[in-house]
Amino acid sequence: MKKSMLAVVLHGVNDLRMEELPVPKPAPGQVLIKNRVAGVCGTDVHMWGGTNFEGKFPFIPGHEWVGEVVKLGAGVTTVKVGDRVTGECFIPCRVCDVCKVRGAPPFCPNHIYFGFQPEAPGAMSEYTLTPEVRLHKIPASLSDDEAALVEPVSVAYHAVWGRGGGAAPHDRIGVFGAGPIGLFATQIALVSGAQVVVVEPAPYRQRMARTMGAETIVDPTKDGWKEQIMDLTEGLGFTLVVECSGNQSAISSSVDLIAVDGRIVLTGQSMGVKVPVELGKLIWTHGNMVGSCDSPGFWPKAIAYIARKRADVTRIITHRFPLAQAPAAFELALKGVESGKVVLDI
């Protein structure tokens, strides 16, 4: 095995470096992974661009990934050398009051956030050292590309089937924003047999939505777009809105477009966004608006969903770069509307 490895390191805003680092050695309970594929997420590039502040510099990004187990620390029992694995982003302390009451990793105030902290490296490197506890084995039926998409698929699956309460053929579902999470939410809703309307202004993302299976797309920059949606839903509105854009206008408009007993799930990144909402419409439609963060408990469900092959999640991948060209991959991904999912082949 090599003694050094190539890694992407985010040192700060506009400070992305390719570095040679020592290959780490696993301590008890740890696993050394040889990475295969890593997806470039919007949170990665927005940390680099200075519009997202989830992480703590410097760190190795990469929370969408798949790799192969190459070495085990003492006491590791759930994986073996040669297994393909991916891993959850959040690891909770499991001893605080939040963990004991809620039991969901993202909400633990003392969580470790992999791919966003110096002490919790992501997978944009040739090797990653990680605790056994966060790993999920990948079945042979999944390709490396499918496995690397488990994290964003799980976020969308949790938004629809967790916080959103599920989807059925009788539902009328609006997906606001056709970025990666919105595109996966679209596929998941379509598999259920529901009527699905994608609301997206950018032409490239509209085309991506069609690639992922969407048939009905509404441009919210066009006059009369809300009336168009009401016509499409026979005047009833959406039974479920999955808001994936984080856009102020989209969030506000979702309240105007839900049906009686309709549900709105907010999953788009919108920290710091303050939105004027006509709350009376929620009251008089008996509407329900909830937030959806990460995907606690949904990784096994997302893996099972992908393995069923009811939808081709890899259609989202539009660009590939070798690890050494990560800066170019970040440049493309930061533009947002000129690519689908950008991945690094490691």
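Every number here is computed from the coordinates shown, using simple stated rules; none is lab data. Keep in mind that what you see is a predicted model, and the values were worked out from it rather than measured. In this analysis, Cβ positions are derived from the backbone assuming ideal geometry, glycine residues included, and neighbour counts consider all displayed protein chains.
Measuring from centroid to centroid over Cα atoms, what is the spacing of region 60-75 and region 165-181 in Å?
So the separation of the two Cα centres works out to 33 Å.
To the nearest 0.05, what FRET efficiency results for residue 96 and residue 57 with a Förster distance of 25 Å applied to their C-beta separation?
Details: r = 25 Å, r/R0 = 1.01.
That pair, residue 96 with residue 57, gives E of 0.50.
Using the number of other C-beta atoms within 10 angstrom as an exposure proxy, rank 211, 186 with the fewest first. Walk me through the numbers before you get to the answer.
Values: 211 14, 186 28.
Fewest to most other Cβ atoms nearby, the residues stand as 211, 186.
Sorted by average packing, counted as other Cβ atoms within 10 angstrom per residue and highest first, what order do 53-64, 109-120 take? Show your work: numbers first, answer last.
Numbers: 53-64: 20.5, 109-120: 18.3.
Final packing ranking: 53-64, 109-120.
Treat the count of other C-beta atoms within 10 Å as a stand-in for reagent exposure and order 93, 244, 108 from fewest to most.
Working: 93 13, 244 31, 108 20.
Ordered from fewest to most neighbouring Cβ atoms within 10 Å, 93, 244, 108 come out as 93, 108, 244.
Taking the Kirkwood radius as the inverse of the mean 1/r across Cα pairs, report the Rg/Rh of region 227-281.
Numbers: Rg = 11.3 Å, Rh = 11.6 Å.
Radius of gyration relative to Kirkwood radius: 0.97.
Counting other C-beta atoms within 10 Å, which of 331, 132 has the fewest, and how do the rest follow? Intermediate results must be reported in sequence, preceding the final value.
Working: 331 14, 132 20.
Placing the least packed residue first, the sequence is 331, 132.
Which residue, 102, 263, 163, has the most motion in a Gaussian network model of the chain that connects Cα atoms within less than 10 Å?
Top of the fluctuation ranking is 102.
May I ask which of 56/301; 2/80; 34/80 have a Cα-Cα span longer than 23 Å here? Display every interim value, and only then the final one.
Working: 56/301 30 Å; 2/80 20 Å; 34/80 13 Å.
Over 23 Å apart, Cα to Cα: 56/301.
Pop the C-beta distance of residue 14 and residue 221 into the FRET formula with R0 = 35 Å and round what comes out to the nearest 0.05.
Values: r = 30 Å, r/R0 = 0.87.
Plugging the Cβ-Cβ distance into 1/(1 + (r/R0)^6) gives 0.70.
If the only charges are +1 at each Lys and Arg Cβ and -1 at each Asp and Glu Cβ, what is the size of the charge dipole of region 155-291 around the Cα centre, to the nearest 20 debye? Let's see the in-between values first.
Working: 10 positive and 12 negative charges, 78 e Å.
Using only the charged Cβ atoms, the result is roughly 380 debye.
Tell me the Kirkwood hydrodynamic radius of region 155-291 in angstroms, computed as one over the mean inverse distance between distinct C-alpha pairs.
On the way: mean 1/r = 0.0695 Å⁻¹.
With all distinct Cα pairs of region 155-291 included, I get 14.4 Å.
Semi-axes of the equivalent ellipsoid for region 270-346, please: Cα gyration tensor eigenvalues, times 5, square-rooted, ordered largest first, whole Å.
Details: eigenvalues 233, 92, 29 Å².
Equivalent ellipsoid of region 270-346: 34, 21, 12 Å, largest first.
Expressed in nm to one decimal, what extension gain is obtained for the pair residue 290 and residue 3 from 0.36 nm per residue of sequence separation less their Cα-Cα distance?
On the way: separation 287, 0.36 × 287 = 103.32 nm, distance 4.78 nm.
That pair, residue 290 and residue 3, stretches by 98.5 nm at full extension.
Can you tell me the FRET efficiency between residue 248 and residue 283 if r is taken as the Cβ-Cβ distance and R0 is 30 Å, rounded to the nearest 0.05? Working shown, then result.
Working: r = 21 Å, r/R0 = 0.71.
It comes to 0.90.
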